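Beneath this line is the structure, given in structure tokens, with notes to follow.
Derivation of every value follows stated rules applied to the coordinates shown; laboratory data play no part. All of these numbers come straight from a predicted model, not from anything done at the bench. As a convention, Cβ positions derive from the backbone with ideal geometry for all residues, glycine included, and neighbour counts pool all protein chains shown.
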Amino acid sequence: MDNIGTQLNPKLLDVKALAKYLSLTEWSIRNLVRKQKLPITRIGSRIMFERDSIDAWIRKHSVKEVI
């Protein structure tokens, strides 16, 4: 059985899990992958995302609000 989908806080996310994690559609995730905007990990033909890399990507691309 595949434990990736059953862990509460998996280290690797598939497209569906990442879409949920980022509150985006699966189409949006695939579009970002196609444009090479997201860090990916390939496992065979599967596209996976390391949670730590995604969190770092979010920090790098976040716009800080100035008040």
**Message:** Nothing charged except the Cβ atoms of Lys and Arg (+1) and of Asp and Glu (-1): what's the magnitude of the dipole of the chain about its Cα centre? Round to the nearest 20 debye.
**Reply:** 260
**Residue among V15, A56, W27 farthest towards the positive dipole end of segment 12-61, charges placed on Cβ** = W27
**Prompt:** According to a simple spin-label model (label point 7 Å from Cα along Cα-to-Cβ), what is the distance in nm between S53 and V33?
**Reply:** 1.2
**Asked** Put a dot 7 Å past each Cα toward the Cβ at K11 and R42; how far apart are the dots in nm?
**Response** 2.1
**Complete:** Once phi for every residue in segment 22-28 is put through the Karplus expression 6.51 cos²θ - 1.76 cosθ + 1.60 (θ = phi - 60°), the whole-Hz ³J(HN,Hα) values, with Gly and Pro written as x, are 9, 6, 10, 7, 4, 4, 4
**Request:** State, as an integer percentage, the relative contact order of the chain based on alpha-carbon contacts under 8 Å between residues 6 or more apart.
**Result:** 29
**Prompt:** For the chain, what is one quarter of the convex hull surface built on the Cα atoms, given in nm²?
**Reply:** 5.6
**Item:** Over the chain: helical MRE at 222 nm, DSSP H runs n ≥ 4 each giving -39500 (n - 2.57), nearest 500
**Value:** -12000 deg cm²/dmol
**Message:** Taking θ = phi - 60°, what integer Hz values does the Karplus form 6.51 cos²θ - 1.76 cosθ + 1.60 yield along segment 52-66, in sequence order, with x for Gly and Pro?
**Reply:** 4, 5, 5, 4, 5, 4, 4, 4, 5, 9, 6, 9, 7, 7, 10
